[in-house]
Amino acid sequence: MNIAQLKTFVTVVEHASFSEAARSMGLSQPAVTMQVQALEADLGVTLLDRRYRKVEITESGRALLPYARKVLTELEHARTALEELSETVSGRLLFAASTTPGQYVLPRLLGGFLKQYPEVGVSLRVFDTAEVIEKVESGEAQLGMTGAEVHGARVEYERLGHDDLVMICAPNHPLLATEAVRFADLVDESFIVRESGSGTRMVFEDAMRHGGVDPAELRVVMELSTNEAIVSAVEGGMGIGVVSTWVADKALQLGTVAQVPEGSFPLVRPLFLVMPRTTTTRAAAALTDYLREALET
């Protein structure tokens, strides 16, 4: 048994896929398979059941998993302690981000950071807001970024940059003939929304409440997991959606969607850097400082 085998095992479990684990680790799929097989041979147990396009952890695998994670965490702590004795910032970190910062904001910024700190490796993964908080809270991710706060979570939030939300509809929608739409006017309209746990949905529902409308009154015809899917559904005339301007901008310019003239939109929502309450690694601290400068408002 060695560290590389434990890391590979944990990564396959987290991705529930040998191919996805290989991609995230920068290895070939056969190499990942061989690492897991060697670990199983050494321990004399089956850790993962391989089925068609699906990987399931066995009872033995579940027993090993917390110990493997603990070993990897302790190793990272040891690496951090040694890094503090030198001037070099190195190591790998997982950055968990919700959809808008993960797909639009962070990718354009991380290139500059990696040029400045070439010995740091960053894995950027996209989750919904609730999952981002969970990843940082559990220590699986060293940093996170969301468009909303989840109150009561054991993490630290820092406002860092902002994102605007727009309400969009098909270009021939009757609402466009109204000069000033109110939330109360929208109760009977068909809405396409993000899934529960999405920051976009949280902020939109908060705005509805402030406008005197219970979000439960909305006629939600569809829940979708991406902003791009919402734009496509709105273009198809299925209803009204609320998405980031990062996502809607192209469709608005092309005229395939239009902006609903509701007075409180665009909604300016802050982006939040999500940090653990424990001491961060030097790599995470360096990335935090870099983002503060890049997104200073």
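The values are calculated or read from the model by the stated rules, or taken from the named source; none is laboratory data. Note that the coordinates shown come from a computational prediction; the quantities given were computed from them, not determined experimentally. As a convention, Cβ positions derive from the backbone with ideal geometry for all residues, glycine included, and neighbour counts pool all protein chains shown.
Here is the figure for region 126-152: residues that are without any contact (Cβ under 8 Å) to a residue 12 or more places away in the chain and of a type in the set (Ser, Thr, Tyr) total 1.
None of 98, 123 is of a type in the set (Ser, Thr, Tyr) and either surrounded by fewer than 18 Cβ atoms within 10 Å (Cβ to Cβ) or free of Cβ contacts under 8 Å to residues at least 24 places away in the same chain (or both) except 123. Restricting attention to region 107-120, report how many residues are farther than 23 Å from residue 279 by Cβ and either in contact (Cβ under 8 Å) with a residue 60 or more places away in the chain or in contact with a helix residue (DSSP H, G or I) (Cβ under 7 Å, 6 or more places away or on another chain) (or both). So the answer is 2. Residues in region 269-297 that are touching a Ser or Thr at 6+ places or on another chain (Cβ under 6 Å) and over 16 Å from residue 162 (Cα atoms): 281 alone. The number of residues in region 104-130 being over 24 Å from residue 249 (Cβ atoms) and not in a loop (DSSP other than H, G, I, E, B) comes to 10.
For region 80-87, the criterion of being under 19 Å from residue 9 (Cα atoms), at pLDDT below 90 and either in a loop (DSSP other than H, G, I, E, B) or in contact with a strand residue (DSSP E or B) (Cβ under 9 Å, 6 or more places away or on another chain) (or both) is satisfied by no residue at all. Across region 1-27, the qualifying residues are those that are without any contact (Cβ under 8 Å) to a residue 24 or more places away in the chain, in a helix (DSSP H, G or I) and not small (Gly, Ala, Ser), and the one among them that is surrounded by the fewest Cβ atoms within 10 Å (Cβ to Cβ) is 23.
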